[in-house]
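For reference, the structure is listed below as structure tokens.
Taken together, the values in this text are just the output of simple stated rules run on the coordinates, not laboratory data. Just so it is clear, the model here is predicted, and its values are computed rather than measured. Don't worry about glycine lacking a Cβ; one is built from the backbone with ideal geometry, like all the others, and counts go over all protein chains shown.
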Amino acid sequence: MSDKKLLTLCLIQQGDKILLGLAKRGKGEGKWNGFGGKVEEGEDIEEAAKREVLEECGISVAETEKVGVLDFTLPGEEQIWQVHIFRATNFFGEPIETDEMKPQWFSINEIPYDAMWADDIFWMPMFLRSQKFEGKFVFNDTYKIIEHKLSIISAFAAPREALGRSGEPESTWIPDQARDDITLAENL
Ligand code: 6OG
């Protein structure tokens, strides 16, 4: 069991377009974001990602590619929110508006960063360059980023459970040896 709160975030991509949803409720209300939510107890993270996309915009995702893991320290939250980010290019159906999200396709050149979570502008370019990444962001009480670290990695290590060693969080991974550390906190 992880002591972090596990969440998913799935970006649906079709060519040079990305499907985002305008959140109608929750912490991200009023912001454009990918689709996702909390991983249920005992649920596989990738399955959770697919379930959330279907629930939030009616799209059935056939396959996902894991692209990032980010740890967020958020005001008023005791647990770190660990968000597992996926890309989906293989999916079925047309996006529909639900109680949670109003979906809209955006050109990758017109991503509405001003109306998104403040971290997105840091990692979305990596996502668009098909780079995998891991990092952490610390938000203050006014949801400004006060500290962050973001690294490009070459792969996610297999979860420890899969190797028969229990007791480690599924999110355990080994950063690439030749990782490219990018710490931009001083520029904020
Ligand atoms: P709520 O239902 O609690 O949101 N999520 C974040 N996504 C981005 N891009 N940046 C963040 O920075 C995020 N924090 C959470 C995870 C849950 C959904 O929002 C994502 C879930 O998909 C702090 O409003």
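Some points to look at:
- Only the Cβ atoms of Lys and Arg (+1) and of Asp and Glu (-1) were treated as charged; on that basis the dipole of the range 11-93 about its Cα centre amounts to roughly 460 debye.
- Net charge contributed by nearby residues that have their C-beta within less than 9 Å of residue 89 (K/R +1, D/E -1): -1
- Integer Hz, Karplus 6.51/-1.76/1.60 couplings in order for the range 102-110, x for Gly and Pro: 10, x, 7, 7, 10, 5, 5, 8, 10
- Nonlocal amide H pairs with residue 31, under 5 Å, H built at 1.01 Å: 23
- Within the range 95-126, backbone nitrogen closer than 17 Å to the virtual label 7 Å beyond the Cα of residue 60 toward Cβ: 95-96
- Distance violations [Cα-Cα > 23 Å] among 17/66; 102/132; 5/132; 5/149; 17/132; 17/149: 102/132; 17/149
- Long-range HN-HN contacts of residue 43 with modeled amide H, under 5 Å: none
- Close amide-amide hydrogen proximity is noted between residue 36 and 10, each under 5 Å apart and 5 or more residues distant or on a separate chain (H modeled in the peptide plane; Pro and chain starts excluded).
- Charge tally in the Cβ shell below 10 Å around residue 76, where Lys, Arg are +1 and Asp, Glu are -1, residue 76 excluded: -2
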